[in-house]
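Here is the structure we will look at.
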Amino acid sequence: MFGGGGSRLTPRGFGVEINQSIFDGYRTSNSVRAAESSVLGSREQLNSTEQSILLDAATAYMDVLRDTAILDLQRNNVEVIDEQLRQTQDRFNVGEVTRTDVAQAEARIAAARSEASLAEATLRNSIAVYRQVVGVEPQQLAPGRPLDRLTPRNVAAALKIALNEHPAIKARQHAVDTAELQVKVAQGALAPQLGVAGSVDQRYDRQSEGDRAFSASVVARLTVPIYEGGEVYAATRQAKETAGQRRLEADSVRDQVRAAVSSSWGRLEAARAQIQAAQAQIDAAETALSGVREEARVGQRTTLDVLNAQQELLNARVNLITAQRDRVVASYSLVNAMGRLNSRALGLAVNHYSPKIHYDQVKDQWIGLTTPDGR
């Protein structure tokens with residue numbers, strides 16, 4: 001650019017402008033509170049996920065123990081019936097029993113081998129599930145124990161704990177808080193907006209070579225919404241409907257937790273009763289089998305009677321193993337329904353993850369692209 005007298009002008013300069021909101025209808029503060037409530041809700045969802053994983057791990061653990069014990073019983077049953085078949089064949093050879101007795105023993109040994117094969121397949125499936133949930137192969141598993149130390153004395157106490165502590169309920173409560181704050185954020189758009197804008201500007205060679213011009217200003221701006229085309233009103237109504245939906249979801253989760261506690265308590269009580277009944281059944285079946293074998297030796301019982309007595313004893317032992325597994329799993333399910341199935345309550349020797357540490361690392365951080373873990 002050329003000025004008067006043929007001089008060359010080079011207009012240049014710099015400036016700084018700052019805008020500060022003073023009042024925006026509390027939209028910013030309510031948005032921050034909504035975000036914090038959302039963070040708290042996500043923490044509770046993380047706790048719920050931890051509970052589900054621990055329950056799945058406990059269930060897979062007990063399934064492997066149960067199926068291993070049942071497979072051992074079925075294999076032992078094959079050996080017992082195989083011995084019974086040999087004895088029956090020997091007695092048939094000397095004319096003490098008929099061909100029918102031998103056929104019955106052969107049929108029973110075939111069924112026993114089939115049951116053993118089925119038990120082995122079931123164990124393999126349980127091992128696969130265990131590997132999927134736990135991440136390693138099951139090796140030398142110790143006997144499972146129920147969580148009696150975390151189980152209250154009655155169902156009323158369990159319900160009280162669940163309704164006060166369950167993370168799923170807390171997560172829904174935070175979701176309600178977030179939705180209600182979003183209503184306030186939407187309503188804030190109808191409030192006057194007050195802000196201050198300040199600017200500083202320095203210019204050189206604007207009209208002649210060597211001149212300087214400095215300017216500064218501070219302006220307060222008040223904006224009063226008059227007509228928004230119905231958008232703000234529609235957004236507010238939508239936010240209120242969403243808040244109502246979140247309240248209904250919170251009520252639904254409370255009902256689900258209450259039902260889960262009652263159901264788990266019932267399964268735990270039933271498993272305890274089944275253990276006692278199965279133990280009594282085993283004692284009676286052992287006595288019956290011993291008596292039937294003695295009677296069969298003197299010809300008062302048939303081979304089929306012996307085989308049936310052996311089968312009843314096997315079924316009783318399987319029932320006991322299943323009931324013991326069900327009791328342990330039911331206790332874990334009850335603690336899970338109460339909201340207390342976590343690594344700290346179980347006393348696990350692991351590094352306990354604290355989401356608060358991550359939150360504190362990024363709270364009030366204005367700049368920075370790196371996450372706390374270095375990514």
(message) I need every pair where a residue in the range 352-365 that is open to solvent by less than 70 Å² (accessible area, probe 1.4 Å) has its Cβ under 7 Å from the Cβ of a residue that is assigned to a loop (DSSP other than H, G, I, E, B), sequence separation at least 6 or different chains.
(response) 362/372
(message) So if I check each of 201, 211, 255, which one is at pLDDT 95 or above, acidic (Asp, Glu) and either exposed (fewer than 15 other Cβ atoms within 10 Å of the Cβ) or under 30 Å from residue 160 (Cα atoms) (or both)?
(response) 255
(request) Would you point out the residue of the range 76-99, among those that are touching a helix residue (DSSP H, G or I) at 6+ places or on another chain (Cβ under 8 Å) and β-branched (Val, Ile, Thr), that is surrounded by the fewest Cβ atoms within 10 Å (Cβ to Cβ)? (result) 98
(request) For the range 270-285, state whether one or more residues are over 24 Å from residue 51 (Cβ atoms), touching a Gly at 6+ places or on another chain (Cβ under 9 Å) and without any contact (Cβ under 8 Å) to a residue 60 or more places away in the chain. (result) no
(message) Take residue 233 and tell me if it is farther than 30 Å from residue 62 by Cα, among the aromatic types (Phe, Trp, Tyr) and loosely packed, with under 15 Cβ neighbours inside 10 Å.
(response) yes
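If you check residue 153 against the conditions, is it within 30 Å of residue 170 (Cβ to Cβ), without any contact (Cβ under 8 Å) to a residue 60 or more places away in the chain, under 40 Å from the mean Cα position of the chain (by Cα) and open to solvent by 30 Å² or more (accessible area, probe 1.4 Å)? If you could, list the steps in order and put the result at the bottom.
Numbers: within 30 Å of residue 170 (Cβ to Cβ): yes; without any contact (Cβ under 8 Å) to a residue 60 or more places away in the chain: yes; under 40 Å from the mean Cα position of the chain (by Cα): yes; open to solvent by 30 Å² or more (accessible area, probe 1.4 Å): yes.
For residue 153, the condition - within 30 Å of residue 170 (Cβ to Cβ), without any contact (Cβ under 8 Å) to a residue 60 or more places away in the chain, under 40 Å from the mean Cα position of the chain (by Cα) and open to solvent by 30 Å² or more (accessible area, probe 1.4 Å) - is met.
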(request) Hey, can you tell me all the residues within the range 326-350 that are of a type in the set (A, V, I, L, M, F, W, C) and assigned to a helix (DSSP H, G or I)? (result) 328, 329, 330, 334, 335, 337, 338, 345, 346
(message) Take residue 241 and tell me if it is at pLDDT 95 or above and either closer than 30 Å to residue 328 by Cα or of a type in the set (Asp, Glu) (or both).
(response) yes
(request) Out of 21, 37, 29, 52, report the one residue that is more than 30 Å from residue 125 (Cα to Cα), exposed (fewer than 15 other Cβ atoms within 10 Å of the Cβ) and within 40 Å of the chain's Cα centre (by Cα). (result) 29
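The values are calculated or read from the model by the stated rules, or taken from the named source; none is laboratory data. This one's a predicted model, so the numbers in the text were calculated from it and none came from an experiment. When we count neighbours, we look across all protein chains shown, and the Cβ atoms used for this are built from the backbone with ideal geometry, even at glycine. Quick note on the areas: whole protein, heavy atoms, side chains included, nothing else; ligands and nucleic acids left out. Shrake-Rupley method; radii C 1.70, N 1.55, O 1.52, S 1.80 Å.
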